C-alpha cells in the first residue's frame, strides 16, 4: 500500500478466505522504500520474519529471474516479485533458492546489485504469492493490506458477497457500492471473522 491510495477495510466470514488465494496468485501491489534488499522488502512490506523467509519462501523470482541472494539484490520501482514455497520436480529444485543445482540456471539468475535512489522514496512492487505460501501466509498479508485495481476488487467482492460482513455499522451493499464507485488503485485490508 502507499499513503496516497484510497484505503478501505473489508470483513469476511472465514469461508471466504480461500478465494483470496486467487488474487494473491494473480498479483497485487505493495509499497517499499528505494534501496531495500529483497529480504528487507519481504520483512517490511509482507511482514515475513526470518524463519518464514528461510523455511517457507523457497522460490523467489525477481523480474522473471530466479534468485538466491536476497540480501544483495535490491527491489526497484516497478519490479515484479513472485514468491512460492518449494516447487516439485527437478525444475522446481533447480529454480528454488540456495540448492545444489542452482548452477544449472546461473545464466538466468537475478544477481546482486547496488542500491539506487533515496531511501525516503516510496517504490511500488508487483507481488505474486503462490502455492502453500499463499495458504500459509495469505491471511496475515491481507490483514496488513494489499493494493489492487478498484474495478478488479469490486468484481471479486461481488463474487464473494455471500461471505462479506458489515463493518463499522456500514451494510454490505453500501460497502460494495462504494467500492464500485472507486477508480484507480485501492489499498484494502481484510479481516476474517472468528
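Taken together, the values in this text are just the output of simple stated rules run on the coordinates, not laboratory data. What you see is a predicted model, and the numbers here were worked out from it, not measured in a lab. Note that each Cβ is placed from the backbone with ideal geometry, even for glycine, and that neighbours are counted across all protein chains shown.
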- Item | Per-residue Cβ neighbour rank within 10 angstrom, fewest leading, 189, 194 | 194, 189
- Computed label-point distance, nm, for sites residue 182 and residue 168 using a 7 Å Cα→Cβ extension: 1.1
- Message: For region 1-71, report the % of Cα-Cα distances exceeding 16 Å.
- Response: 63
- Message: Using a 7 Å offset from the Cα along the Cα-to-Cβ direction at both residue 87 and residue 191, what is the distance between the two label points in nm, to one decimal?
- Response: 3.8
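How would you rank 153, 165, going from fewest to most other Cβ atoms within 10 Å of each one's own Cβ? Working shown, then result.
Values: 153 23, 165 14.
Starting with the residue having the fewest Cβ neighbours, the order is 165, 153.
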